[in-house]
Amino acid sequence: MGNYRKAHYRTRDGQRMSASQYKKRRKLEIYFHIASLVLILGLVTSGICFLVYKLKHKPVENTEVAQDAATTELTIVDTVVEDVEIEEENPYLKVSEDADSFFDGYNVDIDSDTAYISSEEVQSSYGVLVNLDTGKAVASKDGNVRINPASMTKILTILVAAEHIDSLDGTYTMTQEIGNYVFSKDCSAVGLKVGDVQTVKDMMYGTILPSGADAAMMLAEYVAGSQEAFVELMNEKLEELGLSDTAHFTNCIGIYDENHYCTLTDMAMILKAAEENDLCHEVLNARTYTTSPTSEHPEGITISNWFMRRIEDKDIHGEIMGAKTGFVNQSGCCGASYMISNDGTHYICVTADAWSSWRCIYDQVDIYQTYTS
């Protein structure tokens with residue numbers, strides 16, 4: 001073993017060390033290792049001594065102060081938190097800009113100051129004109145008579161839907177049951193076929209512009225699961241508006257039912273509430289809209305609000321900003337429209353029992369011309 005270790009030690013010139021050179025080299029290595037060990041032991045000893053010193057000189061807690069603090073009487077301070085208005089999470093509850101000037105509430109009285117619509121040019125059996133800035137009925141012709149609102153019903157349909165949706169991108173598929181119902185009741189429709197998928201936005205516009213019963217029922221089932229459950233929401237909304245004593249709905253389309261009714265002033269206030277909702281205001285104001293692709297129309301179906309398009313070139317002392325028509329045999333041709341006059345006043349006109357859709361438009365034109373400026 002000694003010869004082996006020695007064989008691995010050489011001088012700087014590469015020569016193998018002699019025995020005396022080897023022994024000298026080994027002594028130096030032993031001294032170095034001993035010195036290193038002593039240094040390490042010294043450091044360890046110093047560290048231990050430092051820790052002992054710190055432990056012996058640890059500060060003693062003042063028990064008297066601690067006891068005094070423990071027995072000191074606690075003072076309770078009442079904190080008053082003021083009510084904080086939380087922003088609506090549903091973006092479709094946003095209020096329209098026009099609503100800033102509307103009167104508060106949904107109660108309109110027809111009194112001695114209300115002019116009677118006596119013009120022979122107005123052939124609708126019923127009519128009312130409401131000033132939305134004052135809440136006064138400007139003119140009336142049996143405006144408090146109960147009627148079947150026909151497809152004007154769909155104004156409330158989109159309002160209730162807007163208050164219960166959280167996205168316009170949600171979709172619903174046209175079903176055979178809806179198709180059968182619309183066909184059996186001879187309702188107006190967008191023209192959707194079984195299996196066609198439409199977005200909530202499509203259904204909103206489809207309910208108003210062409211008065212699509214198919215879109216309205218899809219919307220109702222999307223929101224509430226069934227038309228019956230959706231109608232419950234509609235009647236809850238009527239109660240919220242304070243109209244439930246004179247208004248009650250049994251369907252979301254406007255199909256005739258003796259228990260489906262409201263007055264013209266009720267319908268005016270339903271339209272007011274819809275115009276106060278930013279999304280509904282946008283839908284009611286649209287002239288045309290193109291739906292998502294359908295099985296028969298890959299580019300979508302282009303639909304129109306013909307009342308809006310037919311009345312826009314008439315002199316009514318202002319501009320129609322939203323409208324919805326309706327028809328059932330029992331109520332004739334009906335219409336509810338929202339107008340901003342040339343002087344900035346806001347009005348709603350509702351008429352019922354005209355003998356044609358054009359007659360309904362001309363009657364409203366005459367009412368606006370006569371009672372607004």
Seminar exercise, completed: Counting only residues that are surrounded by 20 or more Cβ atoms within 10 Å (Cβ to Cβ) and either at pLDDT below 95 or part of a loop (DSSP other than H, G, I, E, B) (or both), the stretch 232-262 contains a total of 8
For this session: Evaluate the stretch 278-296: report whether one residue or more is farther than 25 Å from residue 178 by Cβ, crowded, with 16+ Cβ neighbours inside 10 Å, among the polar types (S, T, N, Q) and more than 21 Å from the chain's Cα centre (by Cα).
Result: no
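So which of 224, 274, 229 ends up being out of contact with any strand residue (DSSP E or B) (no Cβ under 6 Å at 6 or more places or on another chain), more than 30 Å from residue 296 (Cα to Cα), of a type in the set (Gly, Ala, Ser) and crowded, with 18+ Cβ neighbours inside 10 Å?
Numbers: 224 fails: more than 30 Å from residue 296 (Cα to Cα); 229 fails: crowded, with 18+ Cβ neighbours inside 10 Å.
From the options 224, 274, 229, the qualifying one is 274.
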Seminar exercise, completed: Over the stretch 326-341, the set of residues under 31 Å from the mean Cα position of the chain (by Cα), surrounded by fewer than 24 Cβ atoms within 10 Å (Cβ to Cβ) and of a type in the set (S, T, N, Q) is 341
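Show me the strands (runs of 3 or more DSSP E) found entirely inside the stretch 266-373 where at least 3 residues are touching a residue at least 60 places away in the same chain (Cβ under 8 Å), hydroxyl-bearing (Ser, Thr, Tyr) and out of contact with any helix residue (DSSP H, G or I) (no Cβ under 9 Å at 6 or more places or on another chain). Spell out how you get there, then give the answer.
Working: elements: 288-290, 302-304, 318-328, 332-341, 346-354.
Those strands (runs of 3 or more DSSP E) do not exist here; none qualify.
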Exercise. If residue 129 satisfies every condition in (1) outside the structural domain of residue 168 (by TED's automatic domain parsing); (2) of a type outside the set (S, T, N, Q); (3) at pLDDT 95 or above but one, which is the exception?
Worked result: (1)
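The values are calculated or read from the model by the stated rules, or taken from the named source; none is laboratory data. Remember, it's a predicted structure, so these values are computed and weren't measured experimentally. Neighbour counts are summed over all protein chains in view; Cβ atoms, including those assigned to glycine, are modelled from backbone coordinates with ideal geometry.
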